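Scroll down for the structure; my scribbles are underneath it.
Just so it is clear, none of the values below were taken in a lab; they were calculated from the coordinates. Just so you know, these numbers come straight off a predicted model, no measurement behind them. Reconstructed Cβ throughout: ideal geometry from the backbone, glycine too, with neighbour counts over all protein chains shown.
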Amino acid sequence: MAKDSEPVQGGGTVPVGDSATSVEAVDTKKRALELFARHINPQKVRVMRAAGLDIIESKREGPWVYDADGRKLLDCFTSAGSFNVGRRHPRVVKAMHEAVDRLDHGNFLLCSKEKAELAAKLAQITPGDLSCVMFGTGGGEAVDFAIKLARGATQRPKIVSTVNGYHGLTGFALSAVGRDAYRLPFEPLMPGFERVEFGDEKAAASVIDGSTAAFLVEPIQGEGGVRVPPRGYLSAIRQICDEQGALLILDEIQTGFGRTGRWFASEHDGVVPDIMTVAKSLGGSMVSISATVFTEELREFLIPNPFIHVSTFGGSDLACAVAMAVIEVIEEDGLVERAAQMGEMLHSGLREIAKEYPEEVLEVRGMGLMAGLKLSDDSMGPRLSFNLSNHGVLAIYSGNEPSVMRLMPSLVVKSAEVEFLIDSTSGAIKDMLSGKGMPEPEPSRRVRRRPAR
């Protein structure tokens with residue numbers, strides 16, 4: 001018999017009359033956080049706790065996630081846009097079960113039916129003449145190969161990217177990242193990288209020249225604060241690259257697969273890149289997979305170099321089968337159109353909140369279900385994350401611009417859930433300004449240092 005339940009703060013439920021179960025859940029969460037701090041990263045636990053995000057995910061369902069302590073939260077971080085089809089979508093889970101019954105990773109050196117079919121599908125849905133694919137396991141790997149391909153195909157050294165851009169933290173990708181904090185501990189990095197201000201076509205034109213292999217840019221900066229460039233910016237960059245013989249790489253890792261109300265954000269400007277990187281939501285919350293999609297002309301570089309870039313688990317047979325189901329769900333459920341409709345509702349509600357708090361909310365940014373609230377100072381990002389958690393919303397500020405709160409729910413959200421998000425955001429801002437509900441400061445800890453040898 002199902003137990004009766006009662007609502008708790010944040011929209012969750014806990015069993016009534018079964019204190020043992022509740023205590024056990026709290027103990028499980030406490031132990032998981034202690035083990036994470038001890039064996040992985042103690043500072044991460046402290047930062048998440050201060051932002052109200054010391055969450056141990058248990059049940060995951062659609063646009064919702066449950067903390068181990070029983071709270072139910074609307075997931076508006078979605079692992080930086082990885083869960084476009086929601087958490088554990090039934091058709092995606094079914095596809096994974098069926099794939100596990102008959103497949104494994106597959107031999108990366110051999111040709112694969114699953115790889116071939118997914119590559120053909122990506123060629124179909126990506127814009128223009130993008131028709132060739134290299135698979136990887138994550139976004140950084142996809143960007144790494146995009147840079148390698150651009151340099152190899154053009155035989156030019158320079159890569160131009162943008163200030164506060166984010167493209168992953170691996171090899172070539174790290175060199176292109178637009179924030180010093182990520183790069184400085186590891187310098188010297190790869191040579192030949194320059195950065196210019198995002199959205200400034202004149203700045204780009206001043207450095208894209210005959211030695212430039214490619215300009216690498218996000219159509220909308222994600223970690224950079226959900227920054228949308230001025231209209232016509234991407235078109236201008238496309239023209240500059242063409243004039244200089246340079247390639248255009250668009251990083252659609254956060255913005256792809258319907259997030260902005262189009263299949264890919266570049267379609268808002270009608271711009272077709274030479275190379276596009278995709279990842280995150282392609283895995284449907286179930287598998288790790290990324291892809292670098294490029295033109296047949298660029299594939300010529302790989303003809304004499306067929307093994308110049310390989311990935312043991314990139315585009316595994318299991319992952320490709322699941323990714324095919326993800327694309328089918330987006331198509332059949334009309335999630336691109338839903339993102340546009342629900343995004344319009346969300347942005348309208350956020351603009352009303354900005355009118356109510358004009359000194360604190362300076363700007364509403366984004367497209368579709370990729371929204372950002374620009375707050376008046378950096379401290380408000382973590383504070384708003386904490387208060388949103390108290391109102392049943394899991395959201396986190398932008399990594400490269402902490403004054404911007406990102407709101408990126410799954411594309412499966414319904415109008416009632418968008419209304420819940422708007423109401424929760426309004427209530428969280430009110431609580432933040434009143435100082436209500438902030439975490440207790442952690443007691444100072446004496447650092448135990450090892451004796452000098």
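Counting only alpha carbon atoms, the long axis of helix 19-39 and the longest principal axis of the chain meet at about 40°. Taking all Cα pairs closer than 8 Å and separated by 6 or more residues, the relative contact order of the range 90-332 comes to 30 percent.
Just need the relative contact order of the chain here, percent rounded to a whole number, with Cα pairs under 8 Å and 6+ apart.
Details: 953 pairs, mean separation 93.7, N = 453.
Worked out over the chain, it gives 21 percent.
Rounded to the nearest 20 debye, the dipole magnitude of the chain is 1640 debye, with +1 charges on Lys and Arg beta carbons, -1 on Asp and Glu beta carbons, and the Cα centre as origin. For helix 380-390, what angle does its Cα long axis make with the longest principal axis of the chain, in degrees from 0 to 90 and rounded to 10? Relative to the chain, helix 380-390 is tipped by roughly 50 degrees.
The ranking of S426, S281 from fewest to most other beta carbons within 10 Å of each one's beta carbon is S426, S281.
Per DSSP H run of n ≥ 4, the term is -39500 (n - 2.57); total these for the chain, divide by its residue number, and report the mean residue ellipticity at 222 nm rounded to 500 deg cm²/dmol.
Values: 15 runs with 178 residues, N = 453.
After summing the helix terms and dividing by the residues of the chain, the value is -12000 deg cm²/dmol.
Note on the range 112-213: with charges restricted to the Cβ of Lys and Arg (+1) and Asp and Glu (-1), its dipole about the Cα centre is near 220 debye. Once the dipole of the chain is set up with Lys and Arg at +1 and Asp and Glu at -1 on Cβ about the Cα centre, which of C111, S415, F172 lies farthest towards its positive end? Farthest along the dipole direction, towards plus: F172.
If you average over every viewing direction, what projected area does the convex hull of the Cα atoms of the chain give, in nm²?
Taking a quarter of the hull surface, the average projection is 25.4 nm².
Rg to Rh ratio, the range 302-400, alpha-carbon atoms and Kirkwood radius?
Numbers: Rg = 20.1 Å, Rh = 17.2 Å.
Computed over Cα atoms, the ratio is 1.17.
Cross-link pairs exceeding 32 Å between alpha carbons, from the set K121/K355; K355/K414; K374/K436; K148/K280; K30/K280: K121/K355. Relative to the longest principal axis of the Cα atoms of the chain, the long axis of helix 90-102 lies at roughly 60 degrees.
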